[in-house]
Amino acid sequence: MLATADIIEDGHAVNLAWHDGGTARFHAVWLRDNAPDDHTRSPVNGQKLITVLDIPADVRIAAVRVADAGGLTVHFAPENKTVEYSGQWLRKNAYDLTRTDPRGWTPPAIIRWGAELATAIPSAPYSGLKAGDGVLADWLAAIDRYGFATAHGMPVESGALLELVALFGYVRETNYGRWFEVRTEADPVNLAYTGLGLQAHTDNPYRDPVPTLQVLACLENTAEGGESVVVDGFRAVELLRRENSGAFDLLSGHPARFTYAGTAGVRLSAKRPMIELGPDGELIAVRFNNRSAAPLVDIPYDHMADYYAAYRALAAVIERPDLAVTFKLQPGQAFIVDNTRVLHARTAYTGSGRRWLQGCYADKDGLRSTLARLTGDTKRMEAAE
Ligand code: FE2
């Protein structure tokens, strides 16, 4: 509920105060752009009907009034247009904030983790996920929060992982197909298809955009070794920033290069930083994959030695045992990772047994859309507009 509204800055802004003591300023142009009336925003689909050029460059607030219900009525000049806003909506969308987040910040919903997650891995039975609603919503929320979850009780059938993805989104098809087999092959097109151990990595950094989710489902795992390891890249980056801010700056301030050309007819390459920050310093993504690293050519000579030291420092943090969650997938189990955040590794495997996993990619937009639908989280929906 709004308490007061005062025009400031010659009508170019308004200062609002709520009954609970909160205050925030809003610009006239921002309010006009976000007017909820039917001529500004479609009542059918919520999409905006005007462009920024439809807003008069000299838009001003000629009059304001706090309505009896605690909302705000604004009269705009020179359009001579009156618009009503919900006081609650204005509070939720206030941007007049003092921001003190360090570079590499993440939203409050993100929970960074280390080895301690091993005793509390978010997991759900496939039957529960298929039933939808609460179990599925909790599982998707966990993936959103931790970037990692497992599922169990899946059919031990080839292609079952596609049905898991269909519960929340869409498979991202690539040159590896709609899904790919992860088992030892004679002449592998990728080192994943051998018994070699694999350093913790994110998948396919040579794609742009990178697949944002990966699913790996187990059909057989009687081999000795072949355990799965996951590491929270956001935790690793946070530790690097705290312990070695120069390394953090180098890896977030210069692009790396990644490439893959192991299959006939495929030439993939991408130029992206290992630590990707948004313009406001938010940690967006981690890319880390030694197998697909291409020559680094975008770092000035004077910084290259330090860049490599930074790369080594990040790799060393990622290797720390207190960051690793290790588990052995059993037939009917699958795990899903946020491939922009959580690295996965595999211990080497040998012996007479067999290890057969299937993997596929998907994307977070579908997951978050389904999560928002299931939880009625309108903030996510508004953000998606
Ligand atoms: Fe991988």
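The values are calculated or read from the model by the stated rules, or taken from the named source; none is laboratory data. Predicted, not measured: the structure shown is a model, and the values here were computed from it. Positions of Cβ are backbone-derived with ideal geometry, glycine not excepted, and every protein chain shown enters the neighbour counts. Remember, those area values only see protein heavy atoms, side chains included, never the ligands or the DNA or RNA. Shrake-Rupley method; radii C 1.70, N 1.55, O 1.52, S 1.80 Å.
Quick check on region 235-385: what are the equivalent-ellipsoid semi-axes from the Cα gyration tensor, as sqrt(5λ), descending, whole Å?
Over the Cα atoms of region 235-385, the semi-axes work out to 28, 25, 18 Å.
Report residue 121's accessible area, 1.4 Å probe, all protein chains in place, as a number in Å² to the nearest 10.
Accessible area of residue 121: about 40 Å².
Skip the ligands, DNA and RNA, and give the accessible area per residue of region 124-174 with a 1.4 Å probe, whole Å².
With all protein chains present, region 124-174 gives 41 Å² per residue.
Sorted by accessible area with a 1.4 angstrom probe, largest first, how do 29, 14 fall?
29, 14
So what are the ³J(HN,Hα) numbers for region 302-310, from phi and the Karplus equation (6.51, -1.76, 1.60; θ = phi - 60°), rounded to whole Hz, Gly and Pro as x?
Running phi through 6.51 cos²θ - 1.76 cosθ + 1.60 with θ = phi - 60° gives 5, 9, 4, 4, 5, 4, 5, 5, 5 Hz.
Please give the FRET efficiency for residue 282 paired with residue 365, using the beta carbon to beta carbon distance and R0 = 22 Å, rounded to the nearest 0.05.
0.80
Given 339, 119, 266, which one lies farthest toward the positive end of the charge dipole of region 115-374, if we put +1 on the Cβ of every Lys and Arg and -1 on the Cβ of every Asp and Glu?
Result: 266.
Suppose the chain between residue 49 and residue 120 were pulled fully straight at 0.36 nm per residue; how much longer would it get relative to their current alpha carbon spacing?
20.9 nm
Based on the mean of other Cβ atoms within 10 Å per residue, sort peptides 215-222, 319-326, 269-276 so the most packed one is first.
215-222, 269-276, 319-326
Treating the beta-carbon of each Lys and Arg as +1 and of each Asp and Glu as -1, no other charges, what is the dipole magnitude of region 115-374 about its Cα centre, to the nearest 20 debye?
Value, rounded to 20: 300 debye.
Just to make sure I understand: if all protein chains stay in place, what is the order of 79, 9 by accessible area at 1.4 Å, largest first?
9, 79
Which of 141, 216, 22 sits farthest toward the positive end of the charge dipole of the chain, with +1 on the Cβ of Lys and Arg and -1 on the Cβ of Asp and Glu?
216
Please give the solvent-accessible surface of residue 81 in Å², to the nearest 10, using a probe radius of 1.4 Å with every protein chain present.
40 Å²
Probe of 1.4 angstrom, ligands and nucleic acids ignored: what's the accessible area per residue over region 338-377, in square angstrom?
About 37 Å² of surface per residue is accessible.
Considering only protein heavy atoms and a probe of 1.4 Å, how much of the accessible area of region 62-128 is carbon and sulfur, as a whole percent?
52 percent
So, counting K/R as plus one and D/E as minus one, what does the shell of residues with Cβ under 13 Å around residue 23 add up to?
-1
According to the Cα gyration tensor, what semi-axes, each the square root of 5 times an eigenvalue, does the equivalent ellipsoid of the chain have, listed from largest to smallest in whole Å?
Here the semi-axes work out to 46, 25, 19 Å.
Over region 219-274, with every protein chain in place, what whole percent of the accessible area is carbon and sulfur at 1.4 Å, could you tell me?
Carbon with sulfur: 43 percent of the solvent-accessible area.
How much of residue 349 can a 1.4 Å solvent probe reach, expressed as accessible area in Å² and rounded to 10?
20 Å²
What spacing in nm lies between the two simple spin-label points modelled at residue 133 and residue 290, each 7 Å away from Cα in the Cβ direction?
The answer from the label model is 4.9 nm.
Between 0 and 90 degrees, rounded to the nearest ten: what's the tilt of helix 364-375 against the longest Cα principal axis of the chain?
Roughly 60 degrees, rounded to the nearest 10.
Please compute the contact order of the chain in relative form: average sequence separation of alpha-carbon pairs under 8 Å and at least six residues apart, divided by the residue count, as a percent.
Relative contact order of the chain: 22 percent.
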